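To start, the structure under review is shown below, and the notes come after it.
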């Protein structure tokens, strides 16, 4: 597929699927940054039972996209169309470690200044967090974990980078995060003496899949440009186990692709 055609598709689709991105970012930040189950916040949701993914759309009118949406995430990354979708220019700075257990995941909040360039547009890095097992699948197979790097542009468009994590050697970037991660939901924990580089969690092989999708948690807003790297990074069995002890399952089931294009950079 020619690059001009790809860019026209992405730009046009993003314009139509993202009229409420700014409000989505506010809702996303409130949910991801706060404590799970706060009584004055949005309706509580989870990954099992009555509050599980199959019921998210019925928990609140705000979450109706979870059950009615047709551009939902995550998906199985298979049978992609080879296309010239360009490279993602990553410019992450070293940042002080600020970590939070929000009741749904472990999240690292990022100081302003880091970001990515996608097709000439800058997206600032807001935070990155983790899922166990991976939310996306590759040719039907899910990995041990997945990291999501969440970005937003000045006009409110969301762009998320997905990184698969498989069992292997210990990952040096996870070590300080795991040391600092709270065992229970609560406020952000800042470790000002610990500086980290988010780039270290990205794979050396930057081939990726691109598609238009949604947040993988309520409100499931269909406002996300997804880029998921094909090649996983490693984490030790102990690192995976420590996260799984806190979150045995925090991955949404796979969603149908419907009529969307799934692209892979040539």
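So which residues in the stretch 76-102 are in a loop (DSSP other than H, G, I, E, B) and surrounded by fewer than 19 Cβ atoms within 10 Å (Cβ to Cβ), if there are any at all? Full working, then the answer.
The first filter runs over the stretch 76-102 and keeps only residues in a loop (DSSP other than H, G, I, E, B), leaving 78-80, 84-88, 92-94, 102.
The answer is 78, 79, 80, 84, 86, 87, 93, 94.
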Exercise. Which of (1) crowded, with 18+ Cβ neighbours inside 10 Å; (2) at pLDDT below 95; (3) in contact with a helix residue (DSSP H, G or I) (Cβ under 7 Å, 6 or more places away or on another chain) is the odd one out, the single condition residue 43 does not satisfy?
Worked result: (1)
Problem set entry | Residue count for the stretch 123-159, restricted to those that are part of a strand (DSSP E or B) and either modelled with pLDDT under 95 or under 24 Å from residue 97 (Cβ atoms) (or both) | 19
Exercise. Consider residue 152 against the criteria (1) touching a helix residue (DSSP H, G or I) at 6+ places or on another chain (Cβ under 6 Å); (2) closer than 22 Å to residue 239 by Cβ: it satisfies all of them except one. Which criterion is unmet?
Worked result: (2)
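Does residue 73 satisfy being without any contact (Cβ under 8 Å) to a residue 60 or more places away in the chain and either touching a helix residue (DSSP H, G or I) at 6+ places or on another chain (Cβ under 9 Å) or not in a strand (DSSP E or B) (or both)? Write out each step before concluding.
On the way: without any contact (Cβ under 8 Å) to a residue 60 or more places away in the chain: no; either touching a helix residue (DSSP H, G or I) at 6+ places or on another chain (Cβ under 9 Å) or not in a strand (DSSP E or B) (or both): yes.
The answer is no for residue 73.
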Seminar exercise, completed: Among (1) surrounded by fewer than 22 Cβ atoms within 10 Å (Cβ to Cβ); (2) in a helix (DSSP H, G or I), residue 177 falls short only on (1)
Exercise. Does residue 19 count as over 30 Å from residue 141 (Cβ atoms) and at pLDDT 50 or above?
Worked result: no
For this session: Could you please let me know if residue 173 is within 10 Å of the chain's Cα centre (by Cα), over 16 Å from residue 250 (Cβ atoms) and at pLDDT 95 or above?
Result: no
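Would you mind finding the one in 45, 56 that is outside any loop (DSSP other than H, G, I, E, B) and farther than 20 Å from residue 164 by Cα? Let's see the steps before the verdict.
Details: 45 fails: outside any loop (DSSP other than H, G, I, E, B).
Result of the check over 45, 56: 56.
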Problem set entry | Close pairs (7 angstrom Cβ cut-off, 6 or more residues apart or separate chains): free of Cβ contacts under 8 Å to residues at least 40 places away in the same chain in the stretch 172-184, surrounded by 15 or more Cβ atoms within 10 Å (Cβ to Cβ) and in a helix (DSSP H, G or I) anywhere | 173/201
Exercise. (1) touching a strand residue (DSSP E or B) at 6+ places or on another chain (Cβ under 7 Å); (2) assigned to a loop (DSSP other than H, G, I, E, B); (3) farther than 30 Å from residue 54 by Cα: which one isn't true of residue 204, the others all being true?
Worked result: (1)
Exercise. What is the number of the single condition among (1) assigned to a strand (DSSP E or B); (2) under 21 Å from residue 110 (Cβ atoms); (3) over 16 Å from the mean Cα position of the chain (by Cα) that residue 186 does not meet?
Worked result: (1)
For this session: Of the numbered conditions (1) in contact with a strand residue (DSSP E or B) (Cβ under 8 Å, 6 or more places away or on another chain); (2) part of a loop (DSSP other than H, G, I, E, B), residue 227 fails exactly one; give the number of that condition.
Result: (2)
For this session: Identify, by number, the condition in (1) without any contact (Cβ under 8 Å) to a residue 40 or more places away in the chain; (2) more than 21 Å from residue 262 (Cβ to Cβ); (3) surrounded by 14 or more Cβ atoms within 10 Å (Cβ to Cβ) that residue 151 doesn't meet.
Result: (2)
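The values are calculated or read from the model by the stated rules, or taken from the named source; none is laboratory data. All of these numbers come straight from a predicted model, not from anything done at the bench. No Cβ is skipped: glycine too gets one built from the backbone with ideal geometry, and neighbour counts run over all protein chains shown.
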